[in-house]
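These notes concern the structure reproduced below.
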């Protein structure tokens, strides 16, 4: 907000300076060789020299205002000694000026405004977390957006809180027991399933029964939607999958629940052309992690 006010003030100041300049008498821009010719003919009445800008401006004896710039091949002292000092006896008035700091800043104003606007939009983009929002830093695009619930946050949801779904609960009991007592299964060489696919219309309790499994086993519960993996930037989805499973491994044993997985689901290798699209990269990374 303060930046916008500052930018508006600078823009107004620049506008008024430009308007003031436009009201002045027209200044004729001439070549440096023409300026030297006027000096030789003693037609120059006043000269203002700005050495830092290699600029000569002044007035001819006929009242014409002029401005010219010395080429870089000319040394300023040599120009003064060769062309200007010899004319000092003919009534030529010479003045050396230094550019004011205000004029210097105003000359840089358009560039500064452009840079400032770019910085403003960049910082706003970073604060919004990019196109998808959520994270507070644009550099966190690759971070997962899963919401983790620990045992205390689950309010001890159990299978008793899930109405119906008796067959599903019976099949999930083995996973609960594995999460509770993994050693006896490991000693027998058994491994927990890589995943469980819950299929059903919305509102049939897929999320709730998943929380019940975590509540029964007393393990952390990661919840994320499949659409959170897909962004407008290529590679973000795969990066979020890697970050999600890295976080899950730190909290193992745990449950990772991916809702609406059909958002990234597809047949592998179905892309047209030589490159993979964002969904296929996300799906491949998900299969690799599993």
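Given a Förster distance of 22 Å, report the FRET efficiency between residue 184 and residue 158 from their Cβ-Cβ distance, rounded to the nearest 0.05.
Values: r = 22 Å, r/R0 = 1.00.
According to the calculation, E is roughly 0.50.
By per-residue mean of other Cβ atoms within 10 Å, what is the highest-first order of 188-197, 253-262? Spell out each step's value before the answer.
Working: 188-197: 9.6, 253-262: 17.8.
Top of the packing list down: 253-262, 188-197.
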Would you please put 157-164, 71-78 in order of how densely packed they are, using the mean number of other Cβ atoms within 10 angstrom per residue and starting with the highest? 157-164, 71-78
Just report the Cα centroid separation between the range 196-259 and the range 158-183, whole Å. 17 Å
How far apart, in nm, are the 7 Å Cα→Cβ label points at residue 166 and residue 243? 4.5 nm
Ranked output for segments 170-178, 220-228 by mean other Cβ atoms within 10 Å, highest leading, reads 220-228, 170-178
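Read-outs: derived from the displayed coordinates by stated rules, not from any lab. Remember, predicted model here, so these are calculated numbers, not experimental data. Neighbour counts are summed over all protein chains in view; Cβ atoms, including those assigned to glycine, are modelled from backbone coordinates with ideal geometry.
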